[in-house]
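Everything on this sheet refers to the single structure shown next.
The values are calculated or read from the model by the stated rules, or taken from the named source; none is laboratory data. As the structure is a computational prediction, the values presented were derived from the model and not from experiment. As a convention, Cβ positions derive from the backbone with ideal geometry for all residues, glycine included, and neighbour counts pool all protein chains shown. The protein model used for the area step is the full one, side chains on, heavy atoms only, and it has no ligands, DNA or RNA in it. Shrake-Rupley method; radii C 1.70, N 1.55, O 1.52, S 1.80 Å.
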Amino acid sequence: MADTILTDVVAATAFRRLVAHLQHRTDVQNIDLMGLAGFCRNCLADWIAEADGHLTRDQAREIIHGMPFAEWKERHQGEATPEQVARMKESVAKNADKH
């Protein structure tokens with residue numbers, strides 16, 4: 001899809017809704033997002049930091065998580081199972097040279 005199909009206003013509105021949704025669904029683990037979609041909250045934050053050029057990864061992750069990442073991790077992130085890690089690795093391999 002070409003970038004010109006979405007206006008900046010539409011893209012920004014949809015993005016904010018995605019961020020709010022991810023903040024609400026703390027039951028969904030980043031490792032599961034990686035395993036299914038090949039990206040997670042941390043990836044999204046990294047993309048923001050890269051696009052902005054002035055934000056640090058930690059600042060961008062706080063925007064996406066709605067709190068400092070260490071706090072989010074302590075509250076919501078469980079230990080990954082070997083199956084989750086394997087699924088993530090398989091999914092991430094599909095991302096090679098696409099971004």
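Some points to look at:
- Leading residue by the ranking (farthest from Ala93 (Cα to Cα)) among those in the stretch 25-80 that are among the polar types (S, T, N, Q) and in contact (Cβ under 8 Å) with a residue 40 or more places away in the chain: Thr26
- The single condition from (1) of a type in the set (S, T, N, Q); (2) more than 11 Å from the chain's Cα centre (by Cα); (3) assigned to a helix (DSSP H, G or I) that Asn42 fails is (2).
- Among the residues of the stretch 1-14, none qualifies, meaning not one is touching a residue at least 24 places away in the same chain (Cβ under 8 Å) and open to solvent by 30 Å² or more (accessible area, probe 1.4 Å).
- Gly78 vs. criteria surrounded by 12 or more Cβ atoms within 10 Å (Cβ to Cβ) and modelled with pLDDT under 95: no
- Residues that are surrounded by 15 or more Cβ atoms within 10 Å (Cβ to Cβ) and either assigned to a loop (DSSP other than H, G, I, E, B) or at pLDDT below 95 (or both) within the stretch 48-65 comprise just one, Leu55.
- Taking the listed residues Arg75, Arg61, Arg41, Arg57, the one that is touching a Phe, Trp or Tyr at 6+ places or on another chain (Cβ under 7 Å), under 21 Å from Gln23 (Cα atoms) and among the basic types (Lys, Arg) is Arg61, with no other qualifying.
- Every test in (1) on the phi > 0 side of the Ramachandran plot; (2) free of Cβ contacts under 8 Å to residues at least 12 places away in the same chain; (3) surrounded by 11 or more Cβ atoms within 10 Å (Cβ to Cβ) is passed by Asp97 save one, and that test is (3).
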